[in-house]
C-alpha cells in the first residue's frame, strides 16, 4: 500500500508458487502504489487479486489489522495507523 514499485517488477505483479493451489482463496491487494512498476492494468486475473479502494485498504492498516491502540503505543515503536 502506497509503496514505490520499481520497473523491474513483472507487469503481472504476482507469480504462482506451486500449481494453482490457493489461487481461489488468496487475497493480494494493491492500493495507491506508484513508480514505473505500479501500473495494475496487466496484473494477474486471479479472483483473489484486488486493486483496493480507500475503504478496502483501511482494513489493512496498523490500527485495524493488529489493533495497535491496544498495545503498540506502549512499545515506543514509531508507526502510522492510517492509510
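Side notes on the structure shown:
- Test: residue 60 is part of a loop (DSSP other than H, G, I, E, B), outside the structural domain of residue 1 (by TED's automatic domain parsing), out of contact with any strand residue (DSSP E or B) (no Cβ under 6 Å at 6 or more places or on another chain) and touching a residue at least 40 places away in the same chain (Cβ under 8 Å): yes
- Test: residue 56 is farther than 15 Å from residue 5 by Cβ and surrounded by 13 or more Cβ atoms within 10 Å (Cβ to Cβ): yes
- Residue in region 64-77 that is surrounded by 14 or more Cβ atoms within 10 Å (Cβ to Cβ), out of contact with any helix residue (DSSP H, G or I) (no Cβ under 8 Å at 6 or more places or on another chain) and assigned to a loop (DSSP other than H, G, I, E, B) present: no
- Complete set of residues in region 20-42 that are in contact with a strand residue (DSSP E or B) (Cβ under 6 Å, 6 or more places away or on another chain) and in a loop (DSSP other than H, G, I, E, B): 35, 40
- Scanning region 24-37 for residues that are within 15 Å of residue 53 (Cα to Cα) and touching a residue at least 24 places away in the same chain (Cβ under 8 Å) turns up 29, 30, 31, 32, 33, 34.
- Within region 7-22, residues that are loosely packed, with under 11 Cβ neighbours inside 10 Å have Cβ atoms under 7 Å from residues that are in a loop (DSSP other than H, G, I, E, B) in these pairs: 7/36; 7/37; 8/37, counting only partners at least 6 apart in sequence or on another chain.
The values are calculated or read from the model by the stated rules, or taken from the named source; none is laboratory data. It should be emphasised that the depicted structure is a prediction, and the values quoted were computed from it without experimental measurement. Neighbour counts run over all protein chains shown; Cβ positions are idealised from the backbone, glycine included.
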